[in-house]
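Participant: Handing you a structure now.
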Amino acid sequence: MHYIPRLNDYVKWTTSLGMVHEGWVYFYDEEYVSIEVGVKDKPPCQYSKEHKHKKIHILIVCHNQYWPELEYIKSRESR
């Protein structure tokens, strides 16, 4: 049986093409997960006085057929 990703797991994904991606599982569904591979500050918006979201999250999608390529590294607690 292979690893089943969970929300807030840190994973390493080595694809069949040899590409390596690492990050936190940001969203989980039975069909796919999104993995947060980067975060950067959002530039100031000239149209909005209130900044509700201050970060840009860079995500990649990993469908369940590729979950055997995921390696579990560690977990973190939800806020």
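Values quoted throughout were computed directly from the atomic coordinates according to the rules given, and no laboratory measurement underlies them. These numbers were taken from a predicted model, which means no experiment stands behind them. Methodologically, a virtual Cβ is constructed for each residue, glycine included, from the backbone with ideal geometry; neighbour enumeration extends over all protein chains shown.
Participant: Farthest toward the dipole's positive end in the chain, which of T15, V33, S75, given Cβ charges of +1 (Lys, Arg) and -1 (Asp, Glu) about the Cα centre?
Facilitator: Checking the options against the dipole of the chain, the answer is S75.
Participant: Using a ≥ b ≥ c from the Cα gyration tensor of the chain (square roots of the eigenvalues), is it rounded, prolate or oblate, where a/c under 1.5 gives rounded and otherwise the larger of a/b and b/c decides, a/b for prolate? Walk me through the intermediate numbers first.
Facilitator: Numbers: a/c = 2.61, a/b = 2.09, b/c = 1.24.
It is prolate, given that a/c is not under 1.5 and a/b is the larger ratio.
Participant: While we're here: Enumerate by residue number the trypsin sites (Lys or Arg not before Pro) in region 32-64 meeting two conditions: DSSP loop (anything except H, G, I, E, B), and at most 12 other Cβ atoms within 10 Å of the site's Cβ. Spell out each step's value before the answer.
Facilitator: On the way: sites: K40, K49, K52, K54, K55; in loops: K49, K52, K54.
Hits after loop and neighbour filter: K49, K52, K54.
Participant: Still on this structure: For K52, go through the lysines and keep the ones whose alpha-carbon is under 28 Å away, minus same-chain ones fewer than eight residues off.
Facilitator: Qualifying lysines at Cα under 28 Å: K40, K42.
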